[in-house]
1. Order the following by accessible area, largest value first: D139, D167, D198. Probe radius 1.4 Å; ligands, DNA and RNA are ignored.
2. How much length would be gained if the chain were fully extended between N153 and K297, taking 0.36 nm per residue of separation minus their Cα-Cα distance, in nm to one decimal?
3. To one decimal place, what Kirkwood hydrodynamic radius in Å is obtained for the stretch 254-313 from all pairs of distinct Cα atoms?
4. Convert each backbone phi in the stretch 141-153 into a coupling constant with the Karplus relation 6.51 cos²θ - 1.76 cosθ + 1.60 (shift: θ = phi - 60°), then list the ³J(HN,Hα) values in order as whole Hz, x for Gly and Pro.
5. Could you grab the Rg to Rh ratio for the stretch 181-326? Cα atoms only, Kirkwood for Rh.
6. Per-residue HN-Hα couplings for the stretch 260-267, Karplus 6.51 cos²θ - 1.76 cosθ + 1.60 at θ = phi - 60°, whole Hz, x for Gly and Pro?
7. For the pair T51 and N247, how long in nm is the line joining their label points, each one 7 Å along Cα→Cβ?
8. In the structure displayed, which of K95/K323; K255/K323; K174/K255; K188/K255; K232/K255; K95/K174 lie more than 32 Å apart, Cα to Cα?
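The values are calculated or read from the model by the stated rules, or taken from the named source; none is laboratory data. As the structure is a prediction and not an experimental result, all values here were calculated from the model. Here the Cβ positions follow ideal geometry from the backbone for every residue, glycine too, while neighbour counts run over all protein chains shown. Ligands, DNA and RNA are stripped out before the accessible areas are found, and what is left, the full protein with its side chains, is counted by its heavy atoms. Shrake-Rupley method; radii C 1.70, N 1.55, O 1.52, S 1.80 Å.
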Amino acid sequence: MQASRSLLSRQLLREVRQGVAREPYRCFSCTVRHAQQQPPPPKSPQDAPGTTHFGFETVAEAIKEQKVRGVFSSVASSYDTMNDLMSLGIHRLWKDHFVRNLNPGRNPLASTSTPTSTPGSASEPQGWNILDIAGGTGDIAFRMLDHASTINNDAHTRVTVADINPDMLTEGRKRALSTPYARSPRLKFIEANAETLDMIPSSSIDLYTVAFGIRNFTHKDTALREAFRVLKPGGVFACLEFSKLQNPVLDAVYKRWSFGAIPLIGQVVAGDRDSYQYLVESIERFPSQTEFRDMIKEAGFLVPGQGWEDLTGGIAAIHKGVKPIS
């Protein structure tokens, strides 16, 4: 594997060793009072055998996938607007930071030695093999390829965008037409469930990314184990997701915005209050930084440092894990 990925893996490993039921429609003010007065719902991913959560609603596991598919089919064409509302407009900065921090691509001027291959070997693959899960619109994939090409002068790194929702993939393919990668072998879109990636060989991926998607998975632990399976030894799991604000005052303000304003704006802007209501509820149900860090460890990953980086006080967080080399 290329030097830059090897450097990223070694840096993360070094840090490891050093650190070794849905609510009915409510008016704006009623929604705010409800969010402020009610205790958070249980954090367990399953409320009872055979059931799971869909926002604050308890549903059968068998139908959650269908309901999530419906939400993202509804918001596919207004995905950027949705993220602007959910993040107060700064999700673009978070994504840029996420990609810069991972530094995808192999710099051809650097050494080609890796922990798992012979330096300079003719059989050594060029570039990184990146899997971007729940990345249907291509937001992260385009950034990864741009960074590899312009920063690391790497014309070989490739990204497979996997998403369970065909409408999101359609939107991604449409957006790809305005990039240099639309008809390039460096970019591929596939419809796939993150919990069952049978089409991806074991130990074949250098970098697995998921941005603002994992909170919608029915079985997050299963998806994490599947990420572990497809990554090469030394490969990196990286997740960007909405998280928990650490400042109680800012948390109260953000919840007031989330539960009071976002569904209302969703109704006005997109004509779809229910989808936006689910999205803010899904953030509230997502595990805390510590809980999710522990889930990553339980899947077999080594976790660098404390395991996450808070963004904007914890509105979002970046989590990483490294698949052990041996």
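1. On the way: D139 25, D167 70, D198 130 Å².
The ordering from most to least exposed comes out as D198, D167, D139.
2. Details: separation 144, 0.36 × 144 = 51.84 nm, distance 3.37 nm.
Length gained, N153 through K297: 48.5 nm.
3. On the way: mean 1/r = 0.0738 Å⁻¹.
Hydrodynamic radius (Kirkwood, Cα pairs) of the stretch 254-313 is 13.6 Å.
4. The phi angles translate into 4, 5, 5, 4, 5, 4, 5, 4, 6, 8, 8, 9, 6 Hz.
5. Numbers: Rg = 17.2 Å, Rh = 16.8 Å.
The Rg/Rh ratio comes out at 1.02.
6. Each residue's phi maps through the Karplus curve to give x, 9, 4, x, 5, 5, x, 5 Hz.
7. 3.8
8. On the way: K95/K323 23 Å; K255/K323 35 Å; K174/K255 34 Å; K188/K255 37 Å; K232/K255 39 Å; K95/K174 20 Å.
Listed pairs above 32 Å: K255/K323; K174/K255; K188/K255; K232/K255.
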